[in-house]
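For reference, the structure discussed in these notes is given below.
The values are calculated or read from the model by the stated rules, or taken from the named source; none is laboratory data. Given the structure is predicted, the values throughout are model-derived calculations rather than measurements. In this analysis, Cβ positions are derived from the backbone assuming ideal geometry, glycine residues included, and neighbour counts consider all displayed protein chains. Just the protein is used for accessible areas: all its heavy atoms, side chains included, with ligands, DNA and RNA removed. Shrake-Rupley method; radii C 1.70, N 1.55, O 1.52, S 1.80 Å.
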Amino acid sequence: MIMKRMKKGDPLAEAGLRYVDFKDEKLLSRFITDRGKILPARLSGVTARHQRQLATAIKRARFLALLPYVRGGG
């Protein structure tokens, strides 16, 4: 018997977002790890289109110092 995994729903599509804004720090911080890395789509459950928008938005927010490049020293 083959068990199939349930697909995660896209949290951005469920929220009704069409475009990911780089100024929305609260939203973007949900998609980065405690070290500051971008979460992969297979863990966050977002679609490929939203993953590309997220990556671009996070990189822009880092450049403008809205988000850190690296968290937690050491």
Run the quick spin-label model on residue 25 and residue 64: label points 7 Å from Cα toward the beta carbon, then report their separation in nm to one decimal. 1.2
Using a simple charge model, +1 on the beta-carbon of Lys and Arg, -1 on the beta-carbon of Asp and Glu, nothing else, what dipole does the chain show about its Cα centre, in debye to the nearest 20? 280
Read-out Rg/Rh (Cα atoms, Kirkwood Rh), candidates (i) 1.15; (ii) 1.05; (iii) 0.95; calculated match is (ii)
Given a Förster distance of 25 Å, report the FRET efficiency between residue 18 and residue 71 from their Cβ-Cβ distance, rounded to the nearest 0.05. 0.30
Restricting attention to the stretch 1-61, which trypsin sites (Lys or Arg not before Pro) occupy a DSSP loop and are surrounded by at most 14 other Cβ atoms within 10 Å? 4, 5, 7, 8, 18, 23, 30, 35, 37
At R0 = 22 Å, how high is the FRET efficiency between residue 43 and residue 3 if r is their beta carbon distance? Nearest 0.05 is fine. 0.65
Using amide H atoms built in the peptide plane, which far-off residues or other-chain residues are under 5 Å from residue 32 H to H? 39
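Which of the chymotrypsin sites (Phe, Trp or Tyr not before Pro) across the stretch 1-56 are loop residues per DSSP, with 13 or fewer other Cβ within 10 Å?
Here the sparse-neighbourhood loop sites are 19.
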Can you count the Lys pairs in the chain with C-alpha separation below 17 Å, eight or more apart or on different chains? 4
Sequence of 64, 39, 12, 17 from largest to smallest accessible area, 1.4 Å probe: 64, 17, 39, 12
Taking the dipole of the chain about the Cα centre (Lys, Arg +1; Asp, Glu -1; charges at Cβ), the one of 51, 6, 66 that reaches farthest to the positive side is 6
